[in-house]
Each structure stands twice: as C-alpha cells, then as structure tokens.
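Q: I have a structure here, written as structure tokens, and I will follow up with some questions on it.
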Amino acid sequence: MRLATPPLQLAGLAAVLLLLPLGLGDYWSYQLALYYLYAVAALGIGLCWGRAGFLPLGQAMFFGLSGYLSGLALIAFEGSVWLIVLLPLAALASGALAYAIGTLVFRQRGESGPYFSMITLALSLLAYQIANSWDSVTGGFNGLKGIPGLPGLDSFGAAYYVAAAALLLALALTTWVLRAPLGILWAALAQNERRLVLFGFNSNQLKAVAFGLSGLLAGIGGALYAPQQGLVTPQLCGFLLSADLVIWAAVGGRGRMLGPVLGAVVVGALSSTLRVRFQFWEVLVAALFIAVVLLFPQGIVGVFAPLERRFASRRRRADLGAPRRGGAQDAARLVIDGVSAQVGEVKILDRLSLAFERPGIFCIIGPNGAGKTSTFNLLTGELAAAAGRVELDRDAVTGIAPHRIVRLGVGRKFQIPTVFTDLSIADNLCIALWSGRASRADLLRPRLRRWSSPMLAELRQRYGFLADATRKAAELSHGERQILELAMALLTEPRLLLLDEPCAGLSPEETQQVIEVIRWASRRLGATVIVIEHDISLVKELAEEVYVLHNGALLAQGTVADIQSNPAVQAIYVGAQK
Amino acid sequence: MDALLVTQSINVVYGIATLAILALGLAVIFGLLGVLNLAHGELIMLGAYCAWVTQAHGWPFLAAVPLALAVCGALGALVEWALIRPLYRRPFDTLVATWGLSLLLRKSVEALFGLGYKSVSMPLQGTVRVLDSPYPAYRVALIVLSVAVLAALILWYGRSGTGTRIKAMVGNPELAQALGIPVKRLAAGTFVVGCCLAGLGGVMVAPLVPVQPYMGLDYILQSFFVLVVGGLGSVLGLLSGAAVIGGANGIVSALFNATYGYFTVLVLAILFLWLRPRGIYARS
Amino acid sequence: MDDSKHIPARRSVLRAAVGAAALGLTPGVLRRAQAAEREFKIGLFIALSGPASLFGPTQKACAELAAAEINKAGGIRGRPIKLIPTDAGGPPAETAKSAIRLMLEDKVDLFIGSHDSATREALVSTIKGRVPYIYTPVYEGGECSFNVYCLGETPHQQVQPSVRWMSKERKVKSYYLIGDDYVWPRKSNEQAKKYIAQYGGKVLAEEYVPFGAPNKFEEVVTRIKSARPDAVLITLVGADNVNFNRTFAGFGLDKDIARLSLLLEENTLHGIGAESSANLYSCMGYFANLRTPANEKFKKAYAAMFGDKAPQLSTIGVDCYAGLNCARALFGKAHGSSAHALMKASEGLRFETAAGSVTMRGRQVDKDMYLAECKGTEFDVIQTFRNVKSGTVCST
Amino acid sequence: MSASLLEFEGLVGGYGSAPVLRGVAGAVAPGEVLCVIGRNGVGKSTLMKLLFGYLRCWHGSILLRGRRIEALEPPQRWHLGMTYSPQERPVFDDLSLRDNLTLTRGRRDLAPFAPYFERFPILAQRLAQHAGTLSGGEKKILSFVRALAEDQPLVLLDEPTEGVQWENILHMEALIERRKAAGAAFIVVEQNLAFAERVADRYLVMDQGRAVLAGPRAEIGREQLLEHLHV
C-alpha cells in the first residue's frame, strides 16, 4: 500500500480546511475544530496500528496528560508569552512518556501483540483513576476548570484555525516521517520483524519511536483541547475516548494517513448529529464499525486504494550515491568453537567446531536435523549457545543482540524467500542499502529512498526487474523473490554472507543465474560466503571446501571429492546400518 | 477484631471464587482458543438478565440456568460463525470487532429492558455461621458452587475424550486433523461452551449485584487480568490468577481502602503483562 | 467573540445552507436557522445516553408537562415555549459542543440542565453567562457562576435536618461515612461532619471507593460491622449505592444499623430491592408518593398527559418541571433579558415545584425537605422540614 | 494400476506464491509401499501435505478408490481411510503417551497396541508420561505406532526413521510388513536409502518439484537413486 500522501495532496487539503468555515456556520467550525484535535490523536493510532503493526488501546492517557499539563500552564501563566514554549512542552511530555513506556515494554521481549494493547489499556484506566482522585492538582471529577483560551485566539473562528493548523502540522509531520526511511522500516517491521532485525535494525527501538510519536500526536491534540474547551476532565484519560479513537482509526482506515482523520471527523460528527436524533444511535455506530472490520479491513479510505495506485508516480528520481558501509571491510574471520545448543529437550548443536579463516565460498551439507540452519541462527545471534564460543574477527559474539552482530557485516538469506511483500521493489532494495549505512538522523531523510550503490547498479544490469521502482514485491514470481532477497543480502555488502539453500524451488535456468551471481558477488565483495546446499552438483560448482554436519556436529570436511569418497558421509546418506 | 479477621479472610476467598467463576468463560475462549473476546462481560450481563427474567415470570431461580445456557449458547454459535471465524488469527481485528459487539449487546438489552436496575432476590436468605462468625448464606453457597464447577471442569477436561481432543487441537491443530478431529467444529463448540459458562457466571452473581446493561464493563477487564496473571490454558492458571488479583484486591481493600485495592489490581496486571506475560502457571 | 452577530441574517442563513449542503444534512438545519423568533426556545440538557439516561425519560416527560401547562397559560412573555432536548449523557466536551450549537444555530433563550457536575462545569465555561442557565438536580452546592441558577438540593439542605433528626429521634450517636470518591460526596461529608459534631455525635470513619471502578463492598461492610456505628451515612451513587445496600443487608447489618442515603430515589430503591431496604432512610426535596396538595395535583396532570406507561417519577426527573416554572417566573418578573436583570429578579423569586412552592435566594433555592423511610420498594415520608436554607448564597 | 487405492496426477502446489510441486503423478495399491525419494527441498513433504489436504493443490487430481478427494479437508480424508504421520511435530507434546495413542478411539484400552508394545516396550513403560519429554526419535516411533495402529487402509509416513536408532528401524520395517500383509497401503517419504530399499515396493524419485523416476523396486537400482540424491 502507498501510505504516504504527497505534499501536493496535503496542500490541497490545507486549502479545503481553510475555506471550510466560510461554508459552514460557527457551530460547525467549532464542532470540526474539536474533531480535528481528536483526529490528530487518531492519526497516532493509525501510525502504530496501520503502519508499525501494533495497536495502542490507551491513547486517551496521553491526550489527557498533555490536556492537564497545558491547562495548568494556561492557568498559571495566563496570557504570558511563555505559553509559546509551555504548550509544546506539554505535548512533548506525552510523547516522552509514550516513548519511555514503549522502550520499557518493547525492550522486555519485543512484545507488540495484544498484550501490549492490554498494557496501554490498563495504564489509561490507572490514569483515569489518578486524575479522578488527585483533586488538589486535577480538580478531581469536576475537572480542571476556568482554563483561559489561547491569548487573542479564543473566538470560534480563531479556535478553528488553530485546530486546523494543528491537524495540518500533524499530517505534514506524519507524511514526512512515513515517506522517510523510518516509515518504510515500520511497514517492513509489521510484515516481518525478524527479517528487518537481520538487516541490522533495532526493531524494538523503531517500535518505541512509533509509539512515542503517536503519544506526541495525542499530546498535541490534548494541549490544544484544554484552551479550546476551557475544561479538562478525567474522562479525557479514560477508556471510552481511547476506544473511540481506535474506532475512528479503524473505520476511517488505519493504513492510510487520511483514514483516521476522516474517521474522527465523519464518524465523530455523525454520532454527535445522531445522538440528538435518536436514542440508539450507538447501535448504528457499532454496526457500521463491525461491518467495516469484517468487510473493509482497510477502512473507508481503503475502498479508494485502487485509484490511489493509478495516480502513483512511476518515474524514478535521480539516484543518490550511498556512502560506503562503516566498519572493517576485509573478509570476516569466523570461528565456532565447541558450541552446544538445544531447544527444549532436543540437542540441536553438539560441540560443533568450524572455522572459516579466509574469503571464498564454503558449503555446508548434511541430512535433515543435522543443524545446518541452526548454525546460521547461532551466527546471527538468534540461537543462544549453551556451551562454547563464536568468534568474529577474534571477538566473541556469543550473547550479542542479532541486529548488532549483523552490523558487524553479516548478511543472511533465508531458505524461503522473505522479502517485504507489501513494499515496492525499490523500497526493499533501499532497506538493504540503509543497513549499516544510514545513521539514526538519516532515517528521517526521505531522499535516502533514492540511494543507490555501484553494486545495485550492476544487479539492475543483470536483473531488469530490479529497476522497476513501483512494482510491489508481492507481484514477483518465486524465482524473482529468491533473486530479490539475494540481491538484498548482497547490497548490505557483508563480510560474512550466509545463504540458506539459495536455489530452493528454482528452475534449472534460474538456478544457473543464482550460481553466477553468488560467484560474482564473492569475488566482488571478497567476503566469506557460506552456503547451505543439498544439491551436490551445485556444491561442486560453488564450493572450495565442503563441511558435512551430522547430529549437530562436524562429521567431515574437505573438497567435494574427499567428501564423496568418505564412507561415513556415504553412510549417513545411504542410511543407518551396521 | 478476631471475628473481623475471620470475615475479612472469607471475603478474600469469596472474592477469589467469584472472580474465578466470572473469568471461567473467558478462560475457555481466550485461554484455549486465543480469541480476545471483549464481549465477555456482556455475556455475563445476559446471564444475569436471564436470572431476572425467570424471577419476573415467577419461575424458580434454578430455571435461569437452562435459559442462560440456551441464550448465551445460541448467541455464541452465531457470533463464532459471523465474527470470530472470519477474523481467525487477526487478534487486533477480533479485539475491535468484539468491542463493537459488546456495544451492540449493551444497547440491545437497553432497548429491551431499559436502563433501570433490576434486582434479583436472593435464592438463599439470611446468614450461616462459618468458623462461628455469620456470613451471608448465598455467598457461602456461591463459594461452594464455584469450587464444585471448577472441580468438575478439571475432571472433565482431564479425563473425558472431548477434553483430550480439545487439548490436542490446542497443542497441535495440524496433527489433530491428521487424526480426523474436525478442528473447526471443535473450536466452534469450545467457543459456545465458553459463552455458556459466562452466562452461568452471570446467573450466579445476579442476586448480588445491580443488574443493568452496563454491568458487563465491570467484569471484562478483571477477567482478562485474571487470565494474564494466572497463565492461559489451564484451570490451575485461572485459579492462581483469581487468587492473585482477587486476593490482592481483597487484602489491600481490607487493610487500607477500596481505592488502593483497585490501584493494586491495575498495577499488578500491568506488571504481569509486561514482565511475566505467560503468567504464574504457564502452559508447557 | 460570536461574530455571527455582526452579519445580516440573510448571509448567516446562506452560510447555514451552504454548510448543510456541504455536510449533506437534512434541510432541518436550514429551517431551524430561519425559525420564527416568536418561540421561546429552551435548550434542555438531559441524559439521553450513558448510565445516567436512566433518568432521561422522566426528565423529558416532566419538562414537557411543564411546557404544556405554561403554554396553555400564555407561555413565557407571551411566547410559546419550544423545548430542544439535548443529550448530556456523553462526555462533557460533547455536551458543551451541543450548547454552542443551541446558542449559534437555534439561538436559544435559556438553558435548563439536569446532569452531573463535570458537565455543568463544561457548560458554564462554554456558555459564559451569555444565556441564562438553570441547573436543576441535587448537587454539591457552591455554584455561583454568572447568570447561573441552581434549584437542586444542596448538602446543607439534605444533611442538616436529617442528621439532626437522626440524632434527636433515633438517638444516633456514631456515624460511619461511605461514599464514592468525587466532589459531591466529599462536600456532603464536610457538612455532615460539621452537624454530627454539632448534635453531639461522632464520626467513626470516613471512607471512599473509586468512582467508576468495578466496586465490591464485602470488605467495607465487614469493617462497618466491626466498627458498630449507630448509623451509616451513604453518599454512594447509582450502581454502587445499590450494590452497597444489597451487600449491607446480605451481611445482616440492616437489623441494627440505620442507613441514611443522600442520593436515594425511586429507581435506585427498586435496584436495592425490598429484602435489602429495611432501616434505610433518604432525605430529598421530592418523593413520588409525597402527600402534598401540589404533588397530588402534579401527579394527576402527569398521569393525564402520559397515561400509565409514564416513566417513574423521582426527584432528579421532576426538578425539570421546577426548572421550567422557575424560568417562567424569572422572565415574568425581570425587566428585559439581560443577565443583570435576571439575576436581580431571581432574588426572592417564588415558583412552583412538583412538591410545592419554593423561594429563590442568592440564585439557590430554599425549599421544604422530606425524610422518608423505605418500606419495601416504597418511600414512606415520615418527616417534613420546612423551608430549609440552601447554605449557598450567590451575588445577585 | 487399475487396482490402485490412491492415484494422483499432475499435482501442482506450494506455499503462497511459490510452486514447490510442478506436476507429480503416482499411485499406490493395497498391500503396497510407495517410497518417495529425493533431496531436501524437492517437494516430498509438500506432496504429502497435498495428498492429505493441508495444502490445496492448484492443479491435478487425487483419487481415493476412484473418488476425487482434492476438495476435502484433512479430517474428511481421515474418515475415508487415510492417516498421516508428519515429519515435524509428530506427536501431541502436552498429552500423555496413552492419550496420544487412544485419542481417536472411543475406548482407552490398550489391547490393540500389544503387538507394537512388543517391539517398542519403552512406550508401554512410559504411558503416563507427557510425549513432550520424549526424544526426537522416540516421538517418531510414537507417531509411527499411532498411525499404524489406527488400522487405516492408507498410511502416509513422512520421514518415519529420522533420528530413530537402527534396531528400532528394523522393528518399524517388520510392523510395516505386518500391516501390508493385512492389505494396508503406505506412502513413505524417506531419506534413509537402506530403509527405503527394504520396505519399498515402488519408488517415486523427485527432483525440483517433478517426478524424475518411478517404478517397481526391482527396476531401479541403488546407483540410479544415488545419482538423484547426488551423493
């Protein structure tokens, strides 16, 4: 899905928002102003849920927090210029809190499923009770009253433009972030977190940032709500507003930027119009809501997705050269020394020792359950070693987080191609390019999506389809996906490249192409390439040296010829016999 | 003082028992099927209304049980077919859809019976002496009944063929199919049973609480917390969860006040969700 | 700040039209915008959604009854009343929003509200006195905002006479205070503690439960049991009130400990049920089976208008009846409709409520209060306290 | 071939967008063992999943006793007389051995298992134990016994000998013979050539998603097999 809205559309929207009040009376301006603020908060939910793939259920907590803070500030410093600083600070406080919560929860176990949602929900209930009980500060149940409006801006018209401006700001902010690498990484994260980690990105931090940003957006809404309404009550932190925000995001369409906004304004306005007309308006809202979840998971806006694609720009802007990846450049020296590991009851690595001290292509073969893929998992830090140690360039890497190990220059390709199917080919390739090259600040620069590297150019030469910018990875054939993922693995310019059955499920022609690429890449990168392969004919073509694993240990090692003449190897392939 | 201590301890036990019985339905639906059913509270509410309806017709209290089972069972079957199955393996969408459902149920009941509090009179009046201090008879009965129901469930789930098949389905659905177990139908059945248990819980608490359309909201979160704290997929988990949540709430409320009790529950829930998501008694 | 003043009506109509078109609404908006200025429009805030909407039907019915009577008698300043019932059961911001609509689009002449205090605060800070606002239900007292008039029972009115009666007649020496944790119970208990001390009683404990949380009362009741008070003063509301009293009786305390509840009306009592209502008292400004001529007359008219399907009468509902009568008297007495004229006129204003006629002093109401003992699910009024002061006096 | 119990042809299928089988045909008759042989990733397990209905086949037909079954769910296929022992997660880890064995039976008595317990006494000793506590090989044995003891006319075994000690492999062979004698048909995916050579009546050799060699054991020698296993 193309989630980001180009600046042009944003400008158009701005024009609409500016002109709307002329068409509507003050009341509608006022009403819209309120829902714009809710929309800003709902936008944050769309960001987390539709983009980064986790659902916050307690956003009202952040809305309320900054609501109270800005309310207190407005009362304490009525009319002072300091408000220009204090109100943004109130919004930032919510963002900071969200980021802190996100960091804590995600770091724990990367939990971002329903349990995370439950945590945020429980937190908002807590916030509600605190706001309710802490009379001295919050004014208790009756709320914080007598909050003055923004100096000189408290007429309905002015209030409308303040809210509209906030909404546009929020939209601009999200547009920008979603078009920047950060947004792409979030989308990738939602599709296949593990894969992203193996490109060297700290997925938990990415999620925390998303949550923090959603908190900031809710904060902006709350900070302006206080002066607009002149009153902040505990309900503002409570469950019902949280639920409403989610409903609006879902109905409007969480996946696209305008979705939550549309949801908040349309559904919000609809229900407030209905509530005066007939008693059971909530039934309609609930029904509409269930219907959308069942029939249009992408919400109202999702219905227009096809149009959106039609207008998607096909032209590719001029490439920018990506910097060289940092750190050591020479081939990695890898030593696995007496490593044992097990999953549950089963021992999958049994005092395994391997060493790859020079660049070149090495093959690992062995029957099922020999521990081949487990060895790769061990190298990328996903499988914890119970005993023994793993050294990369003489440094122990046992017990280091996967994304850190990858940043040392380890690239990996899975047996089943795991590209980010919902992203365009270009974005897939970019993610690989950013790996190990992009700084944190870089992740906010949209132009990084035009990055290219000499290797990418050459790969595009070899495989035309890689140059097709807008085509989605989902539309690729199995073979093309294998190639794409291989290309992605190569673009990180790793010093240690791990390929797990790169030719699985490929036609003979495709297989030949892949073989060539691997040879070419190993020469070009001067890297250590380790390939898991069953097809001895391919092993013959590729490997300088072959390692045979059996029952989690090294059974034999040598040239293909040695291996084939080795009776022990024969035995395990032909079958157990005495 | 001594009598106070005794009664307060019974209160804690009572709190745990009610929590367990009210969370039971969700324990089946969320614990076994992994379905986040936010309409659980409304099923309890329906059960309670069944109790009131039977009373309004002058039928005996126990007549509410079959009625509740029928109502909640039928509803459960419908919901499973219309909402749960299409959204299988889409936890967030299930969450959101069942929230919509709960809204729908609340308003429908409101349309049917109005918002007024319905009071269901106690089937058992007066008090009985427990450890020679008087305690309300019906509450004692409820404790006993909860224990009985849970015990029965442990036995049935542990011994019966169906219980074993459910375990098999939960543990390894693919293999279960290889043994000819109709996983889809079994899952649907399990969901319906969960709904019926929720309804049963509603009947049991009906005489103790104000019966009105919004009552479900009080139970849904508590039930989730109980399961999360206790750990999914086992009656033991359910009990330990109820023990921690109900116990903490009861003890803190007894020692300090209800506000602190409520805070404790929320904080406990958050800590478990965060630090020990598999709960006290995690399924292997 | 309301710039629609400065532009000719035609254009504002035009705007409304465009607006309506833009939002695809029925021309209803349009018609309301150009509606005849003759009607005396009252924005009536009552709970149509949410838990409080339990009172909605009664509130609406009583307001309609009053409107019918007044219109029959020539309306307010010769203008027929038009009620615009509006939901106040949602979040305060929603209600405030409706208030803006009523001011800008419907150009209402008056607001009458029956809802919780948080919503009142929201309305007060939205209306800012531009339109008179009559707040009818029982509340915590002390509301003195510009151009706002309160009719409901205040803690002072409920507590002072009832506590005195309890101490004198029931020889109650020790009290246990239990309430929901928000402003009304706390204010009420402040008053209670004052008078309990004054009449030589003592407060054994003051306890609050979280407002809006799933509360259970076994622990509280057990504590009360061991504290052995002569009476419990209850400032719990709604479901909590029902829940507590059922638990209290369940533990068999109802025999020897009296209960005085400060927000106990017919609906709540039905929830508590006959088996749990022994030894339970309520002190309010109105009970459905009050035997005053005014109430007999009121109930006859009510029944005549709504038949036997009429929603249950209770204090919170019938206060809306008083609200409209108050409006009529106020506009009848005042010269002009300016806030100052109205506030000036309000002092000493007399008007009819369902229970009888009352006097407004300092924009609050001095009224007769009634103490009732629960008999099953009925109230038996056992004592009347004449013309009790509200205890709040606002500038006029 | 006319008497075949199960026939399949032109099978194409796989995961998501990736075709793993690119047109496979074969058949097995009562009292016959069909061994499916090939390297990893050539589609052997995928074939089994297609035959038992876990994966929908994109093209091709599967006939059981002449009846088309490719539209049926796995449980329905079981009720038509097929059973299956998967390569991965072959048992219910959180059930006892007894429950694992008696799950599909109304009664829980173990009489029918006597001949199996003779060969694998370890199962009889650990009946009360959770299957999760067994080693990989022991799980395979448990799953194997469960599948055979169901007395279904058609048994699908995916790598039954993986991680199993060789003397137990011999027991497996004997038990398969016993069921063959009773007229049961088997489709066995196997990497262990020695085992395959002893139990197979027919071979189906696969490479890159296609059947590259098929026929009676007598006609296909080890060299040909090894050539396709590339060892």
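The values are calculated or read from the model by the stated rules, or taken from the named source; none is laboratory data. Here the structure is a predicted model, which is why all the values come from computation and not from measurement. No Cβ is skipped: glycine too gets one built from the backbone with ideal geometry, and neighbour counts run over all protein chains shown.
Q: Just checking, does region D:49-59 include any residue being assigned to a helix (DSSP H, G or I), more than 28 Å from residue D:137 (Cβ to Cβ) and within 9 Å of another protein chain (Cβ to nearest Cβ)?
A: No - not one qualifying residue is present in region D:49-59.
Q: Are any residues in region A:122-139 in a helix (DSSP H, G or I) and more than 39 Å from the chain's Cα centre (by Cα), and if so, which ones?
A: Residues satisfying the conditions are A:135, A:136.
Q: Here is a list: B:204, B:215. Which entry is in contact (Cβ under 8 Å) with a residue 60 or more places away in the chain and more than 14 Å from chain C (Cβ to nearest Cβ)?
A: B:204
Q: When you go through A:387, A:370 one by one, which is the residue that is within 14 Å of chain D (Cβ to nearest Cβ), over 33 Å from the mean Cα position of the chain (by Cα) and not aromatic (Phe, Trp, Tyr)?
A: Every option except A:370 fails the conditions.
Q: (1) surrounded by 15 or more Cβ atoms within 10 Å (Cβ to Cβ); (2) more than 15 Å from residue B:180 (Cα to Cα); (3) touching a helix residue (DSSP H, G or I) at 6+ places or on another chain (Cβ under 7 Å); (4) more than 9 Å from chain B (Cβ to nearest Cβ): which one isn't true of residue D:101, the others all being true?
A: (2)
Q: Further question: I'm told residue B:35 meets every condition in (1) outside any helix (DSSP H, G or I); (2) closer than 27 Å to residue C:57 by Cβ except one. Can you identify the failing condition by its number?
A: Unmet for residue B:35, out of (1) outside any helix (DSSP H, G or I); (2) closer than 27 Å to residue C:57 by Cβ: (2).
Matching residues to (1) away from chain D (no Cβ under 11 Å); (2) closer than 30 Å to residue B:89 by Cβ; (3) crowded, with 21+ Cβ neighbours inside 10 Å:
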residue	(1), (2), (3)
B:131	yes, no, no
B:147	yes, no, no
B:150	yes, yes, no
B:157	yes, yes, no
B:161	no, yes, no
B:170	no, yes, yes
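Q: Something else now. Mind telling me which of the residues B:115, B:101 ends up being buried (at least 19 other Cβ atoms within 10 Å of the Cβ), within 11 Å of another protein chain (Cβ to nearest Cβ) and either of a type in the set (Val, Ile, Thr) or within 25 Å of residue C:242 (Cα to Cα) (or both)?
A: Answer to the selection: B:115.
Q: Could you tell me which of the residues D:150, D:162, D:173 is within 14 Å of the chain's Cα centre (by Cα) and facing chain A (nearest Cβ under 9 Å)?
A: Going through D:150, D:162, D:173 in turn, the sole match is D:162.
Q: Does residue B:112 meet the test of being under 30 Å from residue A:113 (Cα atoms) and assigned to a helix (DSSP H, G or I)?
A: no
Each row is one residue, and each column tells you yes or no for (1) closer than 30 Å to residue C:341 by Cα; (2) of a type in the set (Phe, Trp, Tyr); (3) buried (at least 23 other Cβ atoms within 10 Å of the Cβ).
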position	(1), (2), (3)
C:114	yes, no, yes
C:129	yes, no, no
C:133	yes, yes, yes
C:136	yes, no, yes
C:152	yes, no, yes
C:158	no, no, yes
C:169	no, no, no
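So that you can scan it fast, the table gives a plain yes or no per residue for (1) free of Cβ contacts under 8 Å to residues at least 60 places away in the same chain; (2) away from every other protein chain (no Cβ under 12 Å):
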| residue | (1), (2) |
| --- | --- |
| B:225 | yes, no |
| B:230 | yes, yes |
| B:234 | no, no |
| B:238 | no, yes |
| B:250 | no, no |
| B:256 | yes, no |
| B:265 | yes, no |
| B:271 | yes, no |
| B:281 | yes, yes |
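Q: Here's a follow-up. Identify the residue in region A:259-295 that is under 26 Å from the mean Cα position of the chain (by Cα) and without any contact (Cβ under 8 Å) to a residue 12 or more places away in the chain and, among all such residues, is farthest from the other protein chains (Cβ to nearest Cβ).
A: For region A:259-295, the residue satisfying everything is A:295.
Q: Look through C:89, C:129, C:141 and report the one residue that is under 21 Å from the mean Cα position of the chain (by Cα), assigned to a loop (DSSP other than H, G, I, E, B), under 13 Å from residue C:45 (Cα atoms) and outside the structural domain of residue C:262 (by TED's automatic domain parsing).
A: None of the other options fit; the residue is C:89.
Q: Tally the residues that are touching a residue at least 60 places away in the same chain (Cβ under 8 Å) and under 26 Å from residue C:130 (Cβ atoms), restricting the search to region C:300-351.
A: Matching residues across region C:300-351 total 18.
Residue by residue, here is whether (1) in a helix (DSSP H, G or I); (2) among the hydrophobic types (A, V, I, L, M, F, W, C) holds:
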| position | (1), (2) |
| --- | --- |
| A:502 | no, no |
| A:512 | yes, no |
| A:515 | yes, yes |
| A:519 | yes, no |
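Q: Residue check: is residue C:292 touching a strand residue (DSSP E or B) at 6+ places or on another chain (Cβ under 9 Å), hydroxyl-bearing (Ser, Thr, Tyr) and either modelled with pLDDT of 90 or more or under 27 Å from residue C:193 (Cβ atoms) (or both)?
A: Answer is yes for this residue.
Q: What number goes with the only condition from (1) touching a residue at least 24 places away in the same chain (Cβ under 8 Å); (2) farther than 27 Å from residue B:213 by Cα; (3) within 9 Å of another protein chain (Cβ to nearest Cβ) that residue C:252 does not pass?
A: In the conditions (1) touching a residue at least 24 places away in the same chain (Cβ under 8 Å); (2) farther than 27 Å from residue B:213 by Cα; (3) within 9 Å of another protein chain (Cβ to nearest Cβ), residue C:252 misses (1) alone.
Q: Continuing with this model, one more query. Step by step: first the residues of region C:320-375, then only those that are charged (D, E, K, R) and part of a helix (DSSP H, G or I), then the one that is nearest to residue C:263 (Cα to Cα). Which residue is that?
A: Step by step, filter region C:320-375, then rank; the result is C:328.
Q: Among the residues of region B:232-242, is there at least one that is of a type in the set (Ser, Thr, Tyr), modelled with pLDDT under 90 and touching a Lys or Arg at 6+ places or on another chain (Cβ under 7 Å)?
A: yes
Q: Taking residue A:563 as meeting all but one of (1) surrounded by fewer than 20 Cβ atoms within 10 Å (Cβ to Cβ); (2) closer than 25 Å to residue D:159 by Cα, write down the number of the exception.
A: (1)
Q: Quick one: count up the residues across region A:468-500 that are out of contact with any Leu (no Cβ under 9 Å at 6 or more places or on another chain), part of a helix (DSSP H, G or I) and in contact (Cβ under 8 Å) with a residue 60 or more places away in the chain.
A: Count: 2.
Q: Identify, please: which residue in region C:271-286 is crowded, with 20+ Cβ neighbours inside 10 Å and in a helix (DSSP H, G or I) and is, among those, nearest to the other protein chains (Cβ to nearest Cβ)?
A: C:271
Q: Checking the condition in the same structural domain as residue A:540 (by TED's automatic domain parsing), at pLDDT below 85, in contact with a Cys (Cβ under 9 Å, 6 or more places away or on another chain) and more than 21 Å from residue A:377 (Cβ to Cβ), which residue from A:480, A:510, A:475 passes?
A: A:510
Q: Check region C:156-168 and report whether any residue there is more than 19 Å from residue C:258 (Cα to Cα), modelled with pLDDT under 90 and not in a loop (DSSP other than H, G, I, E, B).
A: no
Q: What's the total number of residues in region A:493-516 that are in contact with a Lys or Arg (Cβ under 7 Å, 6 or more places away or on another chain) and more than 14 Å from chain D (Cβ to nearest Cβ)?
A: Residues in region A:493-516 being in contact with a Lys or Arg (Cβ under 7 Å, 6 or more places away or on another chain) and more than 14 Å from chain D (Cβ to nearest Cβ): 2 in total.
Q: Okay, next question. Residues in region A:115-137: is at least one in contact with an Asp or Glu (Cβ under 9 Å, 6 or more places away or on another chain) and more than 11 Å from chain C (Cβ to nearest Cβ)?
A: Within region A:115-137, one or more residues are in contact with an Asp or Glu (Cβ under 9 Å, 6 or more places away or on another chain) and more than 11 Å from chain C (Cβ to nearest Cβ).
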